[in-house]
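Reading through the structure tokens given below for one structure.
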Amino acid sequence: MAPEMLEVPVCRRLERRVRDLVEADQQSVAHRMDHLNRVARNAKAILEFYPEADAEILYLAVLLHDVDQPFNDKANHVARSAALAERLLTEIAYPPARIARVLDVIREHSTEHIGTVQPSTIEAKILFDADKLDGLGAFGILRVFALSRQVGRSLPDTIRWYRSKIAVATPNVQTPEGKAMMENRLPLVEAFLSDLESELEAG
């Protein structure tokens, strides 16, 4: 587990349970413990600019935001993960009012509902950006193509899917810090996709 989450006692209490869940065969390969750790590091980089944010709420949401994301049911992963997060937090007697705050952050982290569900708190805004940042750069590329292999998506379809995800995420970045980090990672992805498209066209 990333040091950022290890510093939060309640995250440490949940680590083993969460690790077992996200490393299961049915889980998306792009949403396992390594993803959660990178999101935590991204979140820490943004959190430094927002001392008013509740770090415990944020890191719990980081740990649990993809806790139930089967590779064949991405569309429902937000509801599934929120429901399982609620159960896990209730089992350890985490305060109900704080559970509600964690669940709100989880429910607002996805681009799949961005048209109707916008991040409404600073913790939700930080998670949204931290999560989207892990879809860019070198690890972002690896995650996308690993997931496509898992679901049986072709290379041309993967390129189109990846570009569509970027097109939705970039205009919806929630913080200036997230925007700057995204702009730093995006050129590598664009160059890679352009090169791959050229090679595919050349046969």
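Given the DSSP H assignment, sum -39500 (n - 2.57) over each helix run of at least 4 residues in the chain and divide by its residue total; what's the result at 222 nm in deg cm²/dmol, nearest 500?
On the way: 10 runs with 139 residues, N = 203.
The helix contribution divided over the chain gives -22000 deg cm²/dmol.
With the dipole of the chain worked out from charges on the C-beta (+1 for Lys and Arg, -1 for Asp and Glu) around the Cα centre, which of 161, 26, 61 lies farthest toward the positive end?
With unit charges placed on the Cβ atoms, the residue in question is 26.
Please work out the Cα center distance from region 81-136 to region 155-185, rounded to the nearest Å.
Here the answer is 19 Å between Cα centres.
Mean shadow of the chain, computed from the convex hull of its alpha carbons, in nm²? Can you show the working numbers first?
Values: hull surface 43.5 nm².
The Cα convex hull of the chain, projected and averaged over all directions, gives 10.9 nm².
If each residue of separation counts as 0.36 nm, what is the full-extension length gain between residue 76 and residue 194 once their alpha-carbon separation is subtracted?
On the way: separation 118, 0.36 × 118 = 42.48 nm, distance 3.10 nm.
39.4 nm is the gain from fully extending residue 76 to residue 194.
Using the Cα centre of region 3-202 as the reference point, and only Cβ charges (+1 on K/R, -1 on D/E), how large is the resulting charge dipole? Debye, rounded to the nearest 20.
On the way: 25 positive and 31 negative charges, 64 e Å.
Computed about the Cα centre, the dipole is about 300 debye.
Relative contact order, percent, of region 3-202 when contacts are C-alpha pairs under 8 Å separated by at least 6 residues?
Numbers: 226 pairs, mean separation 42.5, N = 200.
The value is 21 percent.
Identify, among 93, 5, 81, the residue whose Cα sits farthest towards the positive end of the charge dipole of region 3-202, taking +1 on the Cβ of Lys and Arg and -1 on the Cβ of Asp and Glu, with the dipole about the Cα centre.
Of the listed residues, the answer is 93.
Which whole-number percentage describes the relative contact order of region 85-153, with Cα contacts under 8 Å and a sequence gap of 6 or more?
About 19 percent, as a whole number.
Can you pull the one-decimal nm distance between simple spin-label points at residue 149 and residue 186, each 7 Å off the Cα toward Cβ?
Rounded to a tenth, the inter-label distance reads 2.9 nm.
Pick out the long, greasy-scoring helices in the chain: whole DSSP H runs spanning 18 Å or more along their own axis by Cα, mean Kyte-Doolittle at least -1.0. Before the final figure, lay out each step's value.
Numbers: long enough: 9-22 (20 Å, -0.60); 33-47 (20 Å, -0.20); 77-91 (21 Å, 0.14); 137-151 (22 Å, 1.04); 155-169 (21 Å, -0.07); 176-202 (39 Å, -0.24).
Going by DSSP H runs, the hits are 9-22, 33-47, 77-91, 137-151, 155-169, 176-202.
Over region 163-203, consider all pairs of different Cα atoms and compute the Kirkwood hydrodynamic radius from their mean reciprocal separation; express it in Å, one decimal.
11.4
Every read-out reported here was derived from the displayed coordinates using simple, explicitly stated rules and does not represent laboratory data. Just so it is clear, the model here is predicted, and its values are computed rather than measured. Don't worry about glycine lacking a Cβ; one is built from the backbone with ideal geometry, like all the others, and counts go over all protein chains shown.
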